[in-house]
1. Any residue in the stretch 1-23 that is without any contact (Cβ under 8 Å) to a residue 60 or more places away in the chain sitting within a Cβ distance under 8 Å of a residue that is assigned to a strand (DSSP E or B) and exposed (fewer than 13 other Cβ atoms within 10 Å of the Cβ)? List the pairs, counting only those 6 or more apart or interchain.
2. Determine which single condition Leu136 fails, assuming it passes every other condition in (1) modelled with pLDDT under 95; (2) surrounded by fewer than 15 Cβ atoms within 10 Å (Cβ to Cβ).
3. Cβ-Cβ below 6 Å, separation at least six or inter-chain, first residue in the stretch 180-192 and on the phi < 0 side of the Ramachandran plot, second of a type in the set (D, E, K, R): which pairs?
4. Could you check the stretch 162-192 and list, in sequence order, the residues that are surrounded by 19 or more Cβ atoms within 10 Å (Cβ to Cβ) and assigned to a helix (DSSP H, G or I)?
5. So how many residues does the stretch 165-224 have that are touching a helix residue (DSSP H, G or I) at 6+ places or on another chain (Cβ under 7 Å) and not hydroxyl-bearing (Ser, Thr, Tyr)?
6. Touching a residue at least 40 places away in the same chain (Cβ under 8 Å) and in contact with a strand residue (DSSP E or B) (Cβ under 6 Å, 6 or more places away or on another chain) - does that describe any residue in the stretch 257-265?
7. Considering only strands (runs of 3 or more DSSP E) fully contained in the stretch 35-125, which possess at least 3 residues that are touching a residue at least 40 places away in the same chain (Cβ under 8 Å), in contact with a Leu (Cβ under 7 Å, 6 or more places away or on another chain) and closer than 15 Å to Val23 by Cα?
Amino acid sequence: MSTITTPDGTQIYYKDWGSGPVVVFSHGWPLSSDAWESQMLFLASHGYRCIAHDRRGHGRSSQPWHGNEMDTYADDLAALLDTLDIQGATLIGHSTGGGEVTRYIGRHGTARVAKAVLVGAVPPVMVKTEANPGGLPQEFFDGLRAAHLADRSQLYKDLASGPFFGFNRPGAKVSQGMIDSFWMQGVMAGAKNTYDCIKAFSETDFTEDLKKFDVPTLIVHGDDDQIVPIGASAMISSTLVPGAVLKIYPGGSHSLGDTSKDQLNEDLLAFLQS
């Protein structure tokens, strides 16, 4: 397997497909780089070098007890780009991965970055606070943690068969394969890592990071995203990132890379070529 080792000794697995301009993908919780396979296969077949890593504690990366928070996730991404000496990359992050990309730019700048894409991403902040009245209540994330501790395997099945892909909507075309893939990726991850990550993706405030973006940025979000509601995320992020382009998918789920993959693939290719 291809891996890098971070300064704290964590091994980060990555896949590296194709050749050409570099596109780097950051995945959502509790998944792995496998969640990006449709986009990677498509873009690598269109002349791009596609790199995706498994976040620490997820997929095939090692499962450290510590460091399961956004600053370290961003530093791990920096270690990957530095080790591979990546230049002029387009960073694409989904959900939690969108937070990772955002914090990376906030902490490390854009010296290695040409463009950025946030897909169903968690910034600027998910949890409801006085400053963020449109966020989800703390009790929602407390319930998620309780379900994780009670039976995380069942939690992953419930998320995948319901709100994650929008399979709980009337008339939805349910894919058992997508459900199984989500569950498999989830149970591969470490229990401590995925538990800690709930706090990381829900409570981290990325407002100041978004203001530091200085590269062309595409923000893509489904208006029926039941995991990261668009009103408290993309609609705000698009006003904080200078010059950001917001593209809304009518009826789009949280997992646009699966349920709207053909449209997303074409939109990513067009953005890369622009």
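1. That search, which allows pairs on different chains as well, returns Gln11/Thr5.
2. Looking at each condition in turn, Leu136 falls short on (2).
3. Listed pairs, sorted by first residue: Trp183/Lys157; Gln185/Asp34.
4. Ile179, Phe182, Trp183, Gln185, Gly186
5. Of the residues in that region, 28 qualify.
6. First, pick out the residues of the stretch 257-265 that are touching a residue at least 40 places away in the same chain (Cβ under 8 Å): 257-259, 261, 264-265.
From what is left, the residues that are in contact with a strand residue (DSSP E or B) (Cβ under 6 Å, 6 or more places away or on another chain) are none.
Looking for residues that are touching a residue at least 40 places away in the same chain (Cβ under 8 Å) and in contact with a strand residue (DSSP E or B) (Cβ under 6 Å, 6 or more places away or on another chain), one finds none in the stretch 257-265, hence no.
7. Details: elements: 49-53, 89-94, 113-119.
Of the strands (runs of 3 or more DSSP E) lying wholly inside the stretch 35-125, those with at least 3 residues that are touching a residue at least 40 places away in the same chain (Cβ under 8 Å), in contact with a Leu (Cβ under 7 Å, 6 or more places away or on another chain) and closer than 15 Å to Val23 by Cα span 89-94, 113-119.
Conditions (1) under 29 Å from Lys157 (Cβ atoms); (2) in contact with a Phe, Trp or Tyr (Cβ under 7 Å, 6 or more places away or on another chain), marked per residue:
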site	(1), (2)
Ala52	yes, yes
Trp65	yes, no
Glu69	yes, no
Leu80	no, yes
Thr110	no, no
Gly120	yes, no
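The values are calculated or read from the model by the stated rules, or taken from the named source; none is laboratory data. The structure displayed is predicted, hence computed values, not measured ones. Don't worry about glycine lacking a Cβ; one is built from the backbone with ideal geometry, like all the others, and counts go over all protein chains shown.
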